[in-house]
1. Quick one: 3J(HN,Hα) in Hz for segment 199-213, Karplus 6.51/-1.76/1.60 with θ = phi - 60°, rounded, Gly and Pro as x.
2. Enter the per residue convex hull volume of segment 45-169, computed from alpha-carbon coordinates, in Å³ rounded to the nearest integer.
3. Using r as the Cβ-Cβ distance of Leu333 and Ala5, and R0 as 56 Å, what FRET efficiency do you calculate, to the nearest 0.05?
4. Quick check on the chain: take the gyration tensor over C-alpha atoms, sort the square-rooted eigenvalues as a ≥ b ≥ c, and tell me if it's rounded (a/c under 1.5), prolate or oblate.
5. With both partners inside the chain, how many of the DSSP beta bridges are antiparallel, as a percent to the nearest 5?
6. Just want to confirm a number: the relative contact order over segment 5-167, from Cα pairs under 8 angstrom separated by 6+ residues, in percent.
7. Once amide H atoms are placed 1.01 Å from N in the peptide plane, what residues at a sequence separation of 5 or more from Gly139, or on another chain, have their amide H within under 5 Å of its amide H?
8. In deg cm²/dmol, rounded to 500, what helix-only [θ] at 222 nm does the chain give when every DSSP H run of at least 4 residues adds -39500 (n - 2.57) and the total is split over its residues?
Amino acid sequence: MTHDAYRRAGVDIDAGNRAVSLMREAVRATYGPEVITGIGAFGGLFSAAGLKLIDDPALVASTDGVGTKTMVAARLKRWDTIGQDLVNHCVNDILVMGARPLFFLDYIASSRLDPEQIAAVVGGCAAACKSAGCALIGGETAEMPGVYQPGEIDLVGTIVGVVDRARIIDGTHIQPGDVILALPSSGLHTNGYSLARQALDPLDWDTPRDDLFGQSIAEALLAVHRPYLAEVNSLREAGIDLRGLAHITGGGVIENLPRVLPEGLGAVIRRDACPILPIFSLIQAQAMIDDAEMYRVFNMGMGMLVIVPPADVDRVPGVHRVGAIVTGSGVTLA
């Protein structure tokens, strides 16, 4: 009797086992004493005993992906960075509420499982988790021929973190006159790649370019999504009054900043206040896009916006003063 019918149908169980074997040590390196179950269990067990040290612990959870940045990785055959992108994106998403990450789970799907490819992606997840003090306690590797295009993958992650309820950052204390500061991005991060790929497709992606300060298009597009956990933790420890944080993801500056503003308040953003990374200028020129759409699609060099009272502005290092909170609604570009 043959035992390869499933493989002939497009799913290779042995390849899945090899992928797990290749990623095992990288995943284990993220474990702390809180992790109860190891890789391969039906569910990840994480001890909540440490939450007893928090007066009123609130769990914060988020799920997100890296969009079509996976298609850039596929075109360039570079799989070591998008796992980092995924984790850092998710860490930033819960960071805006003041949470620190506890554990992370990933989901990787493809038409045909390539163990080395999957191990490289998960290795990136594990590296970013370890850097953030976050355990990678589980995940799923799915092989689904007919659902995904050959050579492409889908990558999604779920993160769970915790914050003391009294220290949640929720924007309720934001007032007119508060100042908007920008923590710089490293590039597109994980959003806007469908437009970027279309705009830049006719160009040479491999040769260093003067207008990208010596980077190639490939290097600029694969720049790892920057995490802001260390910076925000330092600001909180310094006693900065963080009244609001906005992670600039899908929807750009225009759509994300209002998500943290109380009703009746809007924002004015000065376009000349934060250096625009050259990759954005190249995309804009190639696709002939106006400023309004660029700021609605991309972060434009502003990876995380920080809202503080005027008295705290000079105490925040490494940022650009990009705007202010005003009475009204939405975001106005000046």
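1. Coupling constants for segment 199-213: 5, 9, 3, x, 8, 6, 8, 9, 8, x, 10, 4, 6, 10, 6 Hz.
2. Working: hull volume 11.9 nm³, N = 125.
Looking at segment 45-169, the number lands at 95 Å³ per residue.
3. 0.45
4. Details: a/c = 2.36, a/b = 1.29, b/c = 1.82.
Oblate is the answer for the chain, as a/c is 1.5 or above yet b/c matches or exceeds a/b.
5. Values: 39 of 51 bridges.
Just about 75 percent of them are antiparallel.
6. Working: 319 pairs, mean separation 60.3, N = 163.
The value is 37 percent.
7. Asp106
8. Theoretical 222 nm ellipticity from helices: -9000 deg cm²/dmol.
Each reported figure results from applying straightforward, stated rules to the coordinates on display, with no laboratory input. What you are looking at is a predicted structure, and each value in this text was computed from that prediction instead of being measured. We place every Cβ from the backbone using ideal geometry, glycine too, and count neighbours over all the protein chains shown.
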